[in-house]
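J.: First, the structure itself, so that you have it in front of you.
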Protein chains: 2
Amino acid sequence: MIAKEFLDMLGQKSVIREIFAYGSERAKEIGYENVFDYSLGNPSVPAPKEFADKIIELLTNEDPMTIHGYSPSLGIPSVRQAVADSLNRRFQMNYTMEHIFMTSAAASAIAHALRCVTVPGDEVITFAPYFSEYVPYITKTGAKLKVVPADTESFQINFEAFDEIMNEKVMAIVINTPNNPSGSVYSEETLKKLAAYLEEKEQQYSHPIYIISDEPYREIVFNGDKAPYVAKYYKNTLTCYSFSKSVSLPGERIGYIAVGPECEGAEVLADMCGQISRGIGHNCPSSLIQLALPSILDKTSDLSVYETNKNILYKALTDMGFECVEPGGTFYMFPRALEPDAKAFCNKALKYDLLLVPGDGFECAGHFRMAYCIPTEKVERSLTAFEKLVKEYK
Amino acid sequence: MIAKEFLDMLGQKSVIREIFAYGSERAKEIGYENVFDYSLGNPSVPAPKEFADKIIELLTNEDPMTIHGYSPSLGIPSVRQAVADSLNRRFQMNYTMEHIFMTSAAASAIAHALRCVTVPGDEVITFAPYFSEYVPYITKTGAKLKVVPADTESFQINFEAFDEIMNEKVMAIVINTPNNPSGSVYSEETLKKLAAYLEEKEQQYSHPIYIISDEPYREIVFNGDKAPYVAKYYKNTLTCYSFSKSVSLPGERIGYIAVGPECEGAEVLADMCGQISRGIGHNCPSSLIQLALPSILDKTSDLSVYETNKNILYKALTDMGFECVEPGGTFYMFPRALEPDAKAFCNKALKYDLLLVPGDGFECAGHFRMAYCIPTEKVERSLTAFEKLVKEYK
């Protein structure tokens, strides 16, 4: 019979989608250019040109049987090797091809990583504020999700609260740095403290605790900084990457898991992902997309617009009196709403055609998310709308 | 901790993969042209040229933000509509866009379809001989797989044996016509009998019993015939399609579920697939590949080589004394081995560099599978090797 579990999910509408749908309707009335849509985390700059060039070259010069042929279930070997080489070059790691499993972007990477290191009944911890899709990603494996409340002063880790919920059933923690929705980048200090804490708990519980590190925003970091590479700080790390954000290929559904070379089970975890795929129906990303990937492994889109927008918004909003942790990367910021009920605040914002997302869905009430992956001129024009909104609270 | 369930799967080697690996090693010794590799069901003819042309056109003329942008989780609307239109045109159906869910080929289609209409503990029936991946596809949902023994006279359905294992816990049956490994096409008579039988059982048990119809070989049918379209015969049909075989795009991982328009739950099942994806980590096939798909929806590769090879092999092997049900389609045939132990038979075949797959893995002992998607000249040269093999049994 029709599976009630999934039927019931149809009733639960996504707040972000609803806001986006409202914006689309409103655009029909007043023109899209007059709707200040900060709702969706959709890259606003094109993919590096080399990607399309490479695809055209492959289609023009190579045998279609090879280009469109079956990929081995772990990914095309030359592509896995190229991914390992790129990570080693950029982060001084020691990955080999055997540590890399090609995935259909981050959702698939996380789905496989979780199933590698947890079984139903285990607990998995993540840290607020977090991407709301972690709930189905984690709970649908049969694992139990526990959430550490946000450290709203810095959006680093609230270690005290973390320690309160940590227990021996916890087999994995999911982190996301640079972070959606806060834009915060975990500092080297945070990662060192996290690693030391987890290593102590591994000793105490006599089992590994894996970090599943969701890193789609790894290359979108401001001030010329680099995000500390999580797997360098903690050996039991499964790095989950997506090419959706930094090279603007969200529709191509491509990413990977990089299994820490010193990880417990390093020699089997990628292979196990191939077995997990058989049960959940993935079988690799598109072969054509895989084969084109090496052309852009060390590249990004021109990401400068995100930093420009952040600078404009951070200055303007804090000048207007908003409290906000300055984002270190991504294309999000997560200011405190001007009233305790962020949903009410975001509703008021709609009056000025500002589409903002309440923080409740990220399990961090009282804040709102802005996805500023929109044209800079629109960001600038939106400031007047913010001023009007602020006036309501004075 | 590392999930033992998947770790243990690593030890279970695929017989087909082992034979293929043996062949690759042997090719190094005697040259690839001298290894008669009938082991893998990999298309041997290129995709229709229109596909590459369309991709190049998209990359050259369209906005990269659109081409590589997020697809809605059910698939790109224009592509879903094109799939529905093509099915309606070719099979006189009444699909709308709402019945179509785009998938990462058949594996993903089956993974979603099963989760739509079964819950852990339910039973799912399939019919021997069957594609061995049905075991993980079905059992990893938590459902219990039951197998109806083969009707080796015709490779249609053994209804007597089917009736013996049918019971009220059965929520879905998985069929595969044209069939891997037998090449048989279910006749109109078989499908009518199956539909009548299931309708009676639905009445008796007061719940729907869905046909999950795995149809990657639908267009590979011989003698100018057409495979009867399963969903025309039974309303509760979830048609699972893959573009891997008929248009030779196995690496692109693209297919769909078409939910029968009169199906119980027709209005929610595709939507439910979008929810199921969130838990198992799919999010659509590649946007570029989706957008290029309409260019080839009513086309196939030049499939004539498969029929040519079938004709040569069927005549030669039956002349040599093999018993074989003549394939009506696909690029497989499934003759009876010359000794009861098909594994022993296939091992003897290796002496003559014939790579054949024992039927045991398809739960039909005593037979062997030949995937004749190889060049015709190689098929012809292989006949001498078969003659030598037959001589051993005289």
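Each reported figure results from applying straightforward, stated rules to the coordinates on display, with no laboratory input. Keep in mind that this is a model prediction, so the values were computed, not measured. In this analysis, Cβ positions are derived from the backbone assuming ideal geometry, glycine residues included, and neighbour counts consider all displayed protein chains.
J.: Would you list which aspartates and glutamates come within 14 Å of B:Lys391, measuring only between C-alpha atoms, while excluding same-chain residues fewer than 8 positions from it?
T.: Filter leaves B:Asp319, B:Glu339.
J.: From the convex hull of the Cα coordinates of region B:50-296, what is the mean projected area in square nanometres?
T.: Working: hull surface 51.8 nm².
Computing the convex hull of the Cα atoms and averaging its projections yields 12.9 nm².
J.: Would you kindly derive the ³J(HN,Hα) couplings of region A:313-322 from the backbone phi angles with the Karplus curve 6.51 cos²θ - 1.76 cosθ + 1.60 (θ = phi - 60°), listing them in order in whole Hz, with x for Gly and Pro?
T.: For region A:313-322, the Karplus-derived couplings read 5, 4, 5, 5, 5, 5, 4, 6, x, 5 Hz, x marking Gly and Pro.
J.: If packing is taken as the mean number of other Cβ atoms within 10 Å per residue, what is the order of A:4-15, A:260-271, A:58-69, B:359-370, highest first? Display every interim value, and only then the final one.
T.: Working: A:4-15: 13.0, A:260-271: 19.4, A:58-69: 16.4, B:359-370: 22.8.
Answer by packing, highest mean first, reads B:359-370, A:260-271, A:58-69, A:4-15.
J.: With the label 7 angstrom out along Cα to Cβ, how close does A:Glu323 come to the same site in each of the other copies, in nm, nearest first?
T.: List, nearest first: 8.2 nm.
J.: Please state the charge dipole magnitude for chain B, taken about the Cα centre, from unit charges on C-beta atoms (+1 on K and R, -1 on D and E), reported in debye and rounded to the nearest 20.
T.: Numbers: 38 positive and 52 negative charges, 135 e Å.
That gives a dipole near 640 debye.
J.: Averaged over peptide B:68-74, how many Cβ atoms belonging to another chain are found within 10 Å of each residue's Cβ?
T.: Mean partner shielding for this stretch: 5.
J.: Ok, one more. Can you give the Rg to Rh ratio for the protein assembly as shown, taking only C-alpha atoms and Rh from Kirkwood?
T.: We get a ratio of 0.99 for the protein assembly as shown.
J.: Roughly what % of DSSP beta bridges within chain A run antiparallel, to the nearest 5?
T.: Rounded to the nearest five, the antiparallel share is 45 percent.
J.: Could you pull the copy-to-copy label distances for B:Gln204, with points set 7 Å along Cα to Cβ, in nm to one decimal and sorted shortest first?
T.: Spelled out, the distances from B:Gln204's label point are 5.9 nm.
J.: Evaluate peptide A:3-14: per residue, the Cβ atoms of other protein chains within 10 Å of its Cβ; return the mean as an integer.
T.: Details: counts 15, 1, 6, 15, 7, 2, 7, 5, 0, 1, 0, 0.
Partner Cβ neighbours, averaged per residue: 5.
J.: Step by step: find N for region B:1-61, compute 2.2 N^0.38 Å, then divide the Cα radius of gyration by it. What's the final number?
T.: Taking the Cα Rg and dividing by 2.2 N^0.38 Å, one obtains 1.85.
J.: Would you pull out the residues with amide H under 5 Å of B:Ile157's amide H, same chain only if 5 or more places away, H placed 1.01 Å from N?
T.: none
J.: Still on this model: Among A:Leu59, B:Phe362, A:Leu74, whose Cα lies farthest out toward the positive end of the dipole of the protein assembly as shown, if unit charges sit on the beta carbon of Lys, Arg (+1) and Asp, Glu (-1)?
T.: It is A:Leu59.
J.: Can you tell me which of A:Asn179, A:Asn223, A:Asn94 moves the most in a GNM of chain A? Springs connect C-alpha atoms under 10 Å apart.
T.: A:Asn223
J.: When the chain is fully extended, how far beyond the present Cα-Cα distance does A:Gln203 get from A:Val119, taking 0.36 nm per residue of separation?
T.: Gain in length upon complete extension: 28.2 nm.
J.: Amide H to amide H under 5 Å from B:Phe127: which residues, 5+ apart in sequence or cross-chain, H placed 1.01 Å off N in plane?
T.: Under 5 Å from the amide H of B:Phe127: B:Val148.
J.: Sticking with this structure for a sec: As I understand it, the dipole of region B:50-296 uses +1 on the Cβ of Lys and Arg and -1 on the Cβ of Asp and Glu, about the Cα centre. Which of B:Gln92, B:Ile296, B:Ser206 lies farthest toward its positive end?
T.: Projecting each Cα onto the dipole axis, the largest value belongs to B:Ile296.
J.: Using a 7 Å offset from the Cα along the Cα-to-Cβ direction at both B:Thr139 and B:Glu57, what is the distance between the two label points in nm, to one decimal?
T.: 4.7
J.: Using +1 at the C-beta of Lys and Arg and -1 at the C-beta of Asp and Glu, which of B:Val83, A:Thr384, A:Pro46 has the Cα lying farthest in the positive direction of the dipole of the protein assembly as shown?
T.: In the protein assembly as shown, that residue is A:Pro46.
J.: A follow-up question, please. Using θ = phi - 60° and the Karplus relation 6.51 cos²θ - 1.76 cosθ + 1.60, list the HN-Hα couplings for region A:276-286 in order, rounded to whole Hz, with x at every Gly or Pro.
T.: 4, 3, 4, x, 10, x, 8, 8, 6, x, 3
J.: Explain nothing, just the number: dipole magnitude of region A:230-342 about its Cα centre with +1 on each Lys and Arg Cβ and -1 on each Asp and Glu Cβ, in debye rounded to the nearest 20.
T.: With only Lys, Arg, Asp and Glu charged at Cβ, the dipole is about 240 debye.
J.: Still on this structure, please answer the following. Can you give the Rg and Dmax of region B:66-200 based on its C-alpha atoms, in angstrom?
T.: 16.9, 54
J.: So what is the calculated 222 nm ellipticity per residue for chain A, using -39500 (n - 2.57) for each DSSP H run with n of 4 or more, over all residues, to the nearest 500 deg cm²/dmol? Kindly include the intermediate steps, with their values, before the conclusion.
T.: Numbers: 14 runs with 158 residues, N = 394.
After summing the helix terms and dividing by residue count, I get -12000 deg cm²/dmol.
J.: Please list 3J(HN,Hα) in residue order for region A:217-222, calculated via the Karplus relation 6.51 cos²θ - 1.76 cosθ + 1.60 where θ = phi - 60°; whole Hz, with x for glycine and proline.
T.: In residue order, the calculated couplings are 9, 3, 8, 9, 10, 9 Hz.
J.: Compute, for the protein assembly as shown, the length of the dipole vector about the Cα centre, with Cβ point charges of +1 (Lys, Arg) and -1 (Asp, Glu) only. Units Debye, rounded to 20.
T.: Working: 76 positive and 104 negative charges, 60 e Å.
It works out to roughly 280 debye.
J.: Still on this model: Which residues' amide hydrogens lie under 5 Å from the amide hydrogen of A:Tyr210, considering only partners 5 or more residues apart or on another chain, with H built in the peptide plane?
T.: Distant-sequence amide H within range of A:Tyr210: A:Ala172, A:Ile173.
J.: Next up: Output, in nm with one decimal and in ascending order, the distances from the B:Glu189 label point to the matching label points of the other copies (7 Å from Cα along Cα-to-Cβ).
T.: Relative to the other copies, B:Glu189 has label-point distances of 8.2 nm.
J.: Which residue, B:Arg26, B:Arg336, B:Arg90, has the most motion in a Gaussian network model of chain B that connects Cα atoms within less than 10 Å?
T.: B:Arg90
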